[in-house]
There are 2 protein chains.
Amino acid sequence: LGRRNFGVARRLSKRRSRCYAVGGNRHFTLPNPNEEAMAAIPEKYSDLLAPSKKSFAHLATLMEDGSPQVTPVWLDYTDGMIRVNTARGRVKDRNMKVGSRVALSIQDPENPYRYVQIRGKVAKETEQGADAHIDSLAKKYMGVDSYPFRNAAEKRVIYFIEPTSGQGMN
Amino acid sequence: LGRRNFGVARRLSKRRSRCYAVGGNRHFTLPNPNEEAMAAIPEKYSDLLAPSKKSFAHLATLMEDGSPQVTPVWLDYTDGMIRVNTARGRVKDRNMKVGSRVALSIQDPENPYRYVQIRGKVAKETEQGADAHIDSLAKKYMGVDSYPFRNAAEKRVIYFIEPTSGQGMN
C-alpha cells in the first residue's frame, strides 16, 4: 500500500502535515511547499478522473451550520478542474458558492484500495452549458446520449472545483 | 430512482429541509419530526451495512479549520451505531472527538445508484477492543483472520457514530 501526496497548495500555513494510508500502515510526513499554484493531480491517479473510468466522487460539502454532508456524484476533469453537475435548490447547490471548501474521495471501481482524496474549493459555478454537461456525464457513466433523469422544471448547474491538496493510495 | 428519508433527528431546528436524488429528478420535502432519538437506518438499506456486503463508507470529517475531508473507510454497524476504526494520530483520529459532526456516503458495490447517506456525530471512542475490531473488519472486507497492515507502533481506535439523519437512494 503506497500512498503519495501531490502538490499541496497552502497559502497560510507553514505547518507540516501528515498523511496516512486508510487501512494501511504507512505514515508519510509530507512536505508543505507553501505554493500558490493549484495542485495538479498526478499522472498516477489521472485515470481515476478519465472519461474511460466510471469512478464516482463522494463529494463532501458543508451545511449552513458547518456540519459535513457527503453523497456520490458524477464528475469529470478538465483544465485542472474537477467538474460536478447538480440542480438549483438541491443540498449541494445550496452548500456550494464560489470559495466554498469541499472534499472528494474517488475510489477506483476496479480496486477499492486504490483511491485519491482531494480537498479544494469551488472556483466557479455556471448554468451555461450545464445541460450539455449533464448529457456528457450521462454518456460517460451510463453510455447514453441524453441524461435520462432530466426534469424540465429544474435548472442544471456546473461547479468547477479547484484542487488545493490531495493524497492518493495505490 | 426513488429516495427515502429516514428518521431525521433535529433538536434545534424546526425548519423543513429538502432532499433530492443525486443524478435523479425527484424532489422530496422531508418532514422534520424534531425528535431526540437516534435515527434508525431503515430495513431497506440495512444490507449496505451488513457483514455480507463489502460497502465502504466515504467518511467526511472536519479539519481544524472547519473544511471537510473525506476518505473511504471500512465500517460495521451494531446496536444502532456505525463503527469505524483508525489509528491514533491519523487525520481522521485528529478530526474526531466525542460530539464531532461527521457524514458518510455508503454505496452499494453492486449498484452505484443505490446508496445511503448518513449524517451523525461521534458518540464514543475507545481503544478497548480496537485490535479485535480491525481484525473483524479485515475478515469482512478481505476474508482474512488478522488485519494484514497491522503496525505494532500504532494504537487502533474504534469510533462509534450515532446517525442523526440520512437519506437513501434506491
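Every number here is computed from the coordinates shown, using simple stated rules; none is lab data. If you're wondering where the values come from, they're calculated on a predicted model, not measured in any experiment. Glycine gets a Cβ as well: all are built from the backbone with ideal geometry, and neighbour counts include every protein chain shown.
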Inter-chain Cβ neighbour average for residues B:109-117, partner chain, 10 Å
3
Collect residues whose amide H, placed 1.01 Å from N in the peptide plane, falls under 5 Å from the amide H of B:Ala60; neighbours closer than 5 in sequence don't count.
B:Ala103, B:Leu104, B:Ser105
Along its three principal axes, how long is the range B:70-158 when you only count alpha carbons? Whole Å, largest extent first please.
39, 32, 25
Shortest first and in nm, the label-point separations between B:Thr126 and its counterparts in the other identical copies (7 Å out along Cα→Cβ) come to 5.4
Rounded to the nearest 0.05, what FRET efficiency do A:Val98 and B:Asn111 have when you use their Cβ-Cβ distance and R0 = 30 Å?
0.30
